[in-house]
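Okay, structure first, notes after.
The values are calculated or read from the model by the stated rules, or taken from the named source; none is laboratory data. Keep in mind the model is a prediction, meaning the values are calculated, not measured. Every residue, glycine as well, gets a Cβ built from its backbone with ideal geometry; the counts of neighbours run over all protein chains shown. The accessibility values were calculated without ligands, DNA or RNA, using every heavy atom of the protein model including side chains. Shrake-Rupley method; radii C 1.70, N 1.55, O 1.52, S 1.80 Å.
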Amino acid sequence: MGCAACTWDIRGSKSSGSQLYKTGFSTGLEEKEIVFGGEKKLLDCIIELNEIYSPSAIFVYSTCVAGVIGDDIKAVCRKAGEITGNRIIPVQSEGFRSFNKSLGHQLACQVLVEYLIGTVPGEQVPMSVNLVGEFNVAGDMWGIRSLLEELNIGVVASITGDSTVDEISRAHTASLNLVQCSKSSKYVAREMERIYGIPYIEVNFFGIEKTAGSLRKIAEFFHLDMDQFNEWLARKIHQTTSRVERYRERLKGKTVGIYVGGNKAWSLIKAFEDLGMEVIMTGTQNGIPEDYLKIRMASGKRTIVFDDANPVELSRLLKKYKPDLVVSGAKEKYLSYKLGIPFCEFNHDRLNPFSGFGGFLNFAEEVEKALNSPVWNLGSGG
């Protein structure tokens, strides 16, 4: 039960449809199941949930306890599928498999490729894309989708923010995959290229420069009229820069420390440069070697790069390098506050979308408010 509690509505991903995804269910294994096995209990739970909610699919996650006692999750899912006629999809993601959650990402990607993508027949749709590794945190995906629609480019599926089982099943009909978070989801794009021949490009929709560059790559792929595209893009950039200038004046020259998920550790660097700020230190808890190469390419040699810092180590780094602003997740918020350093939330707990041109305005406003709050004039922190 404790493992299941960790999945209940902790992500800020938004949906324009059903809200059922926000609720997790557990078989509630007890001592007798630990001794005699929990397969029957799991089967009964799946059948009951299917009758109550009639979902498009049921994903069954095997936690550490079920893995240790050796329950055959796949066999139970096959039997439950025969009984219910529904998609019952096993995800063998026991926590003991790795110290790093990146393996969990790959396991989830394998499940999508094996059990969902390509299971609904369909022909390739011209001028269409999948957003891969986009989870619609605070509505990010909606801002990206609106930009693509202005270019007459359709989105077949977002994997997995604000998406449905049917949409992901048809993802193989897209003409191009746009990989937003390569650490979590590049495996999906690579497999779809291998199996279906769908090419992919890596994109970054955080900040003016990176959003513009990503849109230009997409326009070139689809052979859009580049004169018209450049005029459209220039208008978008001008509208955004003119509105963000008042924030830039107050933020110029300020320094930033970043401690976030793998791709954000490097993708945010240019966004802060768009605000006239400098990232002096950046790190991640679960980054892969590719993330650190991208950090170095984006930041230069002066930036301090660190990996998997615990609270004591992070505290020492912040005290030593004294950034004007810390950008991280909820766990680091109060550490930053206790040190008297302004903080900006960028993980799944945030409330405002940051992607695209409109999202960058939200980002600039939030950073400016955090940095220039009057509370920081009351004392120096401990």
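If R₀ is 51 angstrom, what is the calculated FRET efficiency for the pair Lys40 and Leu293, using the beta carbon separation as r and rounding to 0.05? If you can, show how the numbers build up before the last one.
Working: r = 49 Å, r/R0 = 0.96.
So the FRET efficiency works out to roughly 0.55.
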Worksheet, complete the sentence: Under a Gaussian network model of the chain whose springs join Cα atoms within less than 10 Å, the largest fluctuation of Cys109, Cys344, Cys64 belongs to Cys64
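Quick one: net charge around Gly122, please, counting Lys, Arg +1 and Asp, Glu -1 for every other residue with C-beta under 13 Å from its C-beta. Working shown, then result.
Details: positive: Arg170; negative: Glu123, Asp166, Glu167.
Net local charge, Gly122 excluded: -2.
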Practice prompt. Check each of the chymotrypsin sites (Phe, Trp or Tyr not before Pro) in the stretch 72-153 and keep only those in coil by DSSP with at most 12 other C-beta atoms within 10 angstrom; list them in order.
Written response: Phe99
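What relative contact order, as a whole-number percentage, does the chain give when Cα pairs under 8 Å and 6 or more residues apart are counted? Don't skip to the end; give the middle numbers.
On the way: 636 pairs, mean separation 53.0, N = 382.
Computed over the chain, the figure is 14 percent.
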Worksheet entry | Cα pair distances of the stretch 55-150 binned at 5 Å [whole percent] | 2, 10, 15, 17, 18, 15, 11, 7, 3, 1, 0
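Compute the signed sum of charges (Lys and Arg +1, Asp and Glu -1) over the other residues within less than 13 Å, Cβ to Cβ, of Gly85. Can you show the working numbers first?
Numbers: positive: Arg78, Lys79, Arg87; negative: Glu51, Glu82.
Around Gly85, the charge tally is +1.
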Discussion item. Given all pairs of different Cα atoms, what value in angstroms does the Kirkwood hydrodynamic radius of the stretch 145-266 take?
Written reply: 16.5 Å
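Under the √(5λ) rule applied to the eigenvalues of the Cα gyration tensor, what semi-axes describe the equivalent ellipsoid of the stretch 176-220? Give them in Å, descending. Mind showing how you got there, number by number?
Values: eigenvalues 89, 31, 3 Å².
The three semi-axes for the stretch 176-220 are 21, 13, 4 Å.
Quick check on the stretch 280-364: what does the Kirkwood estimate of hydrodynamic radius come out to from the alpha carbon pairs, in Å? Kindly include the intermediate steps, with their values, before the conclusion.
Values: mean 1/r = 0.0710 Å⁻¹.
After inverting the pairwise mean of 1/r, the radius is 14.1 Å.
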Worksheet item: Long-range amide H contacts for Glu202: which residues qualify at under 5 Å (H placed 1.01 Å from N, peptide plane, sequence gap of 5 or more or a different chain)?
Response: Val179
Worksheet item: When you take every Cα atom in the stretch 1-108, what is the radius of gyration, and what is Dmax, the widest Cα pair distance, in Å?
Response: 14.1, 43
Worksheet item: With every protein chain present, what accessible area does Asp227 have (1.4 Å probe, heavy atoms only), rounded to the nearest 10 Å²?
Response: 110 Å²
Fill in: Gap separating the Cα centres of the stretch 320-382 and the stretch 190-217, nearest whole Å
29 Å
Worksheet item: Scaled to the compact-protein estimate 2.2 N^0.38 Å, what is the alpha-carbon radius of gyration of the stretch 224-382, rounded to two decimal places?
Response: 1.08
Response to the item:
Per principal axis, largest first, the Cα atoms of the stretch 219-285 extend in Å by 41, 30, 12
Item to complete: Restricting things to alpha carbons, find the Rg to Rh ratio for the stretch 341-382 using the Kirkwood radius for Rh.
Response: 1.06
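Report the FRET efficiency, 1/(1 + (r/R0)^6), for Ser18 and Phe96, where r is their Cβ-Cβ distance and R0 is 41 Å, rounded to 0.05.
On the way: r = 32 Å, r/R0 = 0.78.
The value I calculate is 0.80.
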Fill in: Under-5 Å amide H pairs with Phe59, H placed in peptide plane, nonlocal only
Ile89
Practice prompt. Of the DSSP beta bridges with both residues in the chain, give the percent that are antiparallel, rounding to the nearest 5.
Written response: 5 percent
Worksheet item: Helix 73-84 versus the longest principal axis of the chain: what angle, 0 to 90°, nearest 10, using Cα atoms?
Response: 70 degrees
Item to complete: Calculate, for the stretch 84-156, the solvent-accessible area per residue in square angstrom, rolling a 1.4 angstrom probe over the heavy atoms of the protein chains.
Response: 44 Å²
Worksheet item: Which far-off residues, 5 or more places away or on another chain, put their amide H under 5 Å from the one on Ser175, with H placed in the peptide plane?
Response: Val125, Ser128, Val129
Item to complete: Mind checking the stretch 57-134 for GluC sites (Glu not before Pro) that DSSP puts in a loop (not H, G, I, E or B) and that have at most 13 other Cβ atoms within 10 Å?
Response: Glu123
Response to the item:
Everything considered on the Cα gyration tensor (a ≥ b ≥ c; rounded for a/c under 1.5, else prolate if a/b is larger than b/c, else oblate), the stretch 96-204 must be described as oblate
Worksheet entry | Estimated vicinal HN-Hα couplings, Hz - the stretch 349-358 in sequence order (Karplus 6.51, -1.76, 1.60; Gly, Pro = x) | 8, 5, 9, 10, x, 10, 7, x, 5, x
Worksheet entry | Nearest 10 degrees, 0 to 90: helix 39-53 Cα axis against the chain principal axis | 70 degrees
Worksheet entry | Fraction of alpha-carbon pairs over 28 Å apart in the chain - percent | 51 percent
Practice prompt. Per DSSP H run of n ≥ 4, the term is -39500 (n - 2.57); total these for the chain, divide by its residue number, and report the mean residue ellipticity at 222 nm rounded to 500 deg cm²/dmol.
Written response: -14500 deg cm²/dmol
